[in-house]
Amino acid sequence: MDKKDIADIRKQFKPDNELLKIHDIFNVYIMKESSDIYHHQSMPFDMLEQEQQELFLDNFKKVLSGQPDEKLFELKFQRDVENSSQLILHKGLLSNDTEEWKQQMLQLVEKMLKDKQYEMDIVVTFIHGEYMKPMKNMSDESEESERDKVFSNPFILCSMNKTQDPKKELLFDYVEKEFKYNIVVDPIINLKSPISGFLFPSITDNAADVNRVLYAAGKKNEPSYHFMEDVLDAEEIMTAAQDKLVFEEIVNKVAGDQAMNTSKLSNVYDEIHRVVEENEEEDVPKMDYKDVEQVLTSSGIEDVNTEKVESAFKTVLDDEQYEFKATSVVPKYNSKSIKIETKIANISISPQDLRHVRQVHFDGKSYLMMEVEENTMIEGFEMIPEALFEKAPDDEE
């Protein structure tokens, strides 16, 4: 699933949407002390009050929020797994019996609780629904409505949410004209920040893939490997941040003792950006060791060859056939995503501007030099150009 596929589904979660039908909602309350199911309850989604429906719809949209490979991960199910979550979910997807569907979802909850201790009470919410998408836009003159022909996409969505203690508040009673302490003992379910979730099946270009599931992490680049591997029975993945770190380590091994100045680094980013642009038709442009060799050679790094790059892949990844997602490796060109960190200050610039930055040495000290096209403004004050290196007064004749 790419960003467009996810956005198409996400935008369906709104009240009174004719293209979205949620049949049932099933909530399971888990106690932190015992990691046991304290209570569970299901009902038709339409039976909820309007305000409750809106709270849950917002929660489901948040589950599907975030960037692919950072917060949202399309996972492939492992094969030949006992008590397979893929099979449980597929049965649940096809089930028309609410009680049968509930029992299947409870099997997933049992896997969530196995060998896992949560730090707070947890509420797991499942919905069984269907969303429709028009096959094509019909003209106004057509007698056939655009809603008459649609793609039908059954799905199961799961959202995990933590609870929090109610706030202790002091209230003023207007009638009794006295101050009162607000005593509330019921925990609050935090639907604004889901800690995990998933969408099954994966849907790409209106085609369902029951061999894949879209997993949602609670925080960017912090997926739960317990949830992915032990609950969903999915294959191991690399986050975008991990991909970038591994790529940088491979480049360093290939470059060896060569000085990696800003010009060469800028060239590397330019070359990867070119790979992304040339493969825009692909869902996820990827780079294998041959592509990495080409990028480094074109960027001006010396003594690059296939054997050296393959060896770096083998050393760092133990897999010379690994493919990087190009979009994970290259910083975003339309944002100040390059971080320059020093003890004096941290600076953020865009990748294409990196070539205007230099680190130079003078008189035993290091300086960061940046080429600018006009006078610099600092807090509304225009800086007067100065000589690059002025002679100290004691050195004047």
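Computed from the C-beta positions of Leu19 and Asn211, the FRET efficiency with R₀ = 25 Å rounds to 0.45. The aspartates and glutamates within cross-link reach of Lys111, meaning a Cα-to-Cα straight distance under 18 Å and a gap of 8 or more places when in the same chain, are Glu33, Asp36, Asp80, Glu82, Glu100, Glu119, Asp121, Glu229, Asp230, Asp233, Glu235, Glu236. The Glu110 and Ala387 beta-carbon pair, evaluated with R₀ = 56 Å, returns a calculated FRET efficiency of approximately 0.15.
How much length is gained if the chain between Glu374 and Ser348 is pulled fully straight, taking 0.36 nm per residue apart and subtracting their Cα-Cα distance, in nm to one decimal? Show your work: numbers first, answer last.
On the way: separation 26, 0.36 × 26 = 9.36 nm, distance 1.85 nm.
Additional length available on full extension: 7.5 nm.
Close amide-amide hydrogen proximity is noted between Asp24 and Phe45, His128, each under 5 Å apart and 5 or more residues distant or on a separate chain (H modeled in the peptide plane; Pro and chain starts excluded). Label positions at Ala7 and Ala241, each projected 7 Å from the Cα along the C-beta direction, are separated by 2.5 nm. For the pair the range 346-366 / the range 258-314, the C-alpha centres are spaced 22 Å from each other. Shown is the FRET efficiency for Asp58 and Ile340, computed with R0 = 22 Å from the Cβ-Cβ distance and rounded to the nearest 0.05: 0.05.
The gain in end-to-end length when the Asp303 to Asn279 segment is fully stretched comes to 5.9 nm, 0.36 nm per residue minus the alpha carbon separation.
Along the chain, the longest continuous region that contains none of the chymotrypsin sites (Phe, Trp or Tyr not before Pro) in a DSSP loop with at most 11 other C-beta atoms within 10 Å is 175-388. Between Leu170 and Leu87, the simple label model (points 7 Å from Cα in the Cβ direction) yields a spacing of 6.1 nm.
Computed over the chain, the per-residue total of -39500 (n - 2.57) for DSSP H runs of n ≥ 4 gives a 222 nm mean residue ellipticity of -8500 deg cm²/dmol, rounded to 500.
Loop-located GluC sites (Glu not before Pro) in the range 251-356 (DSSP state other than H, G, I, E, B) with a sparse environment of at most 16 neighbouring Cβ atoms within 10 Å: Glu280, Glu281, Glu282, Glu302, Glu320, Glu323.
A 31 angstrom limit on the alpha carbon distance is what I want to check against. Which of Lys314/Lys365; Lys192/Lys314; Lys32/Lys61; Lys76/Lys290; Lys264/Lys325; Lys162/Lys339 exceed it? Flagged as over cut-off: Lys314/Lys365; Lys192/Lys314; Lys162/Lys339. Rounded to the nearest 20 debye, the dipole size of the chain about its Cα centre is 1040 debye, using +1 on the Cβ of Lys and Arg and -1 on the Cβ of Asp and Glu. For Lys177 paired with Ser193, estimate the spin-label separation in nm (one decimal), with each label point 7 Å from Cα along the Cα-to-Cβ line. So the label points at Lys177 and Ser193 sit 4.2 nm apart.
Rounded to the nearest 10 square angstrom, Arg274 shows an accessible area of 80 square angstrom against a 1.4 Å probe.
Remark: the chain carries 62 Å² of accessible area per residue (probe radius 1.4 Å; ligands, DNA and RNA excluded).
So for the range 1-158, averaging the separation of alpha carbon pairs under 8 Å that are six or more residues apart and normalising by length, what relative contact order in percent results?
Reported relative contact order: 30 percent.
Distances between placed amide hydrogens fall under 5 Å for Asn221 paired with Lys71, all partners being 5 or more residues away or on another chain. For the chain, a Gaussian network of Cα nodes joined below 10 Å ranks Asp318, Asp36, Asp69 by mean-square fluctuation, and the top entry is Asp318.
Between Phe362 and Asp288, full extension at 0.36 nm per residue minus the direct alpha carbon distance yields a gain of 22.6 nm.
Among the listed values (i) 1.29; (ii) 1.01; (iii) 1.14, the one matching Cα Rg over 2.2 N^0.38 Å as calculated from this structure is (i).
Roughly speaking, to the nearest percent, how much of the chain's 1.4 Å accessible area is carbon and sulfur?
For the chain, the apolar C and S fraction of the accessible surface comes to 46 percent.
Among Leu157, Leu171, Leu57, the largest mean-square fluctuation in a Gaussian network model of the chain, built with springs joining Cα atoms closer than 10 Å, belongs to Leu171.
The values are calculated or read from the model by the stated rules, or taken from the named source; none is laboratory data. Bear in mind that the values here come from a model prediction, so they are computed numbers and not experimental data. Positions of Cβ are generated from backbone atoms using ideal geometry, with glycine treated the same way; all protein chains shown enter the neighbour counts. Surface accessibility is based on the protein's heavy atoms, side chains included, excluding ligands, DNA and RNA. Shrake-Rupley method; radii C 1.70, N 1.55, O 1.52, S 1.80 Å.
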